[in-house]
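Read the structure below first, then the notes.
Just so it is clear, none of the values below were taken in a lab; they were calculated from the coordinates. All figures in this text were calculated on a predicted structure; none of them were measured in a lab.
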Amino acid sequence: MADPSIENAGLLVIDKAPDMTSHDVVAQCRKAFNTRRVGHAGTLDPMATGVLVIGIERATKLLGLLSLTTKAYTATIRLGACTTTDDAEGEVIETADVSAITVEQIAAGVSALTGDLQQVPAKVSAIKVDGRRAHALVRTGEEFDLPARPVTVYRFDILAIRRDGAFIDLDVEVDCSSGTYIRSLARDLGAGLGVGGHLTVLRRTAVGPFTLEHARTLDEVTEAPGVSLGIDAAAKLCFPLRDISDEEAESISQGRWLEPIGRKELYTVVDPAGQAIALVQEKGRRAASVMVVRPATLR
């Protein structure tokens, strides 16, 4: 009899709706799939929509190993006002006249925020300060500072510029490294122009290899539970591959190791039937499993 931890295991790419936390999505997926073994890779703010990668059953073990180092967003930045949270959910704390701001100045500001940056995260982020989340400390009124962190903005393109009364709204696309805060880009762009800025719309369009093309809404998942990628397909999409024999597959699936072949990166070993058997890392004279996708007991 097939084991459900393999048969139902995989990655689910959700197109998250607004006004939901990532935990809300996990809770609904647990109900839809009738399992507690559900987790998520990375978070999305409640106001944000778009790609959220969910692991189901045995694939939850994949989540911490995925190299989701690049992310892509579409967003709207409002120039002319600062808020307490650097986005539209916060209170406006300062406004400024934007009538003299030119397209050329905006383009120069965006250019200055492209490439390798030292970015100060928003204070309502999930970063921990002395063991507590920054966003929780903000609610207590405690004063604190977050240190700048290295991030990379690979692309920061302006799609449209709209002058809306007292504000300028910019529709943008951003490709960036993991850990980049789009709210902080909005804040820093406004600060650089001397008029303040904050984020009003945020949609994540890609995380690593996962895009909106893979995504399903929670309503769709509730009506017809099913993963976007089975665990085999996910392991083979997200990591380089190494073909192994049936004998090697049996060995690695039982917790033994393989002969190394001189590769530094984490990779997936695949048996002659095309099944992903394990994720393997080479160290010294051993190529040992970091995660056994398909243990001997489930093969």
Helix 103-112 against the longest principal axis of the chain: what's the angle in degrees, Cα atoms only, rounded to the nearest 10?
40 degrees
For the range 182-274, shape from the Cα gyration tensor axes a ≥ b ≥ c, cut at a/c of 1.5 then a/b versus b/c, turns out oblate
Debye sum, Cα scatterers, the chain, no solvent: what log₁₀ I/I(0) at q = 0.10, 0.11, 0.15 1/Å?
-0.65, -0.76, -1.13
How large is ³J(HN,Hα) for each residue in the range 48-64, as worked out from phi by the Karplus curve 6.51 cos²θ - 1.76 cosθ + 1.60 (θ = phi - 60°), to whole Hz, x for Gly and Pro?
7, 10, x, 5, 9, 8, 10, x, 10, 6, 4, 5, 4, 6, 6, 4, x
Using distinct alpha-carbon pairs, which all enter the 1/r mean, Kirkwood radius of the range 239-298 in Å:
11.0 Å
Reciprocal of mean inverse Cα separation for the range 1-57 (Kirkwood radius, Å):
11.6 Å
Tell me what the chain gives for mean residue ellipticity at 222 nm when only DSSP H runs of n ≥ 4 count, each as -39,500 (n - 2.57), the sum divided by the residue total, rounded to 500 deg cm²/dmol.
-6000 deg cm²/dmol
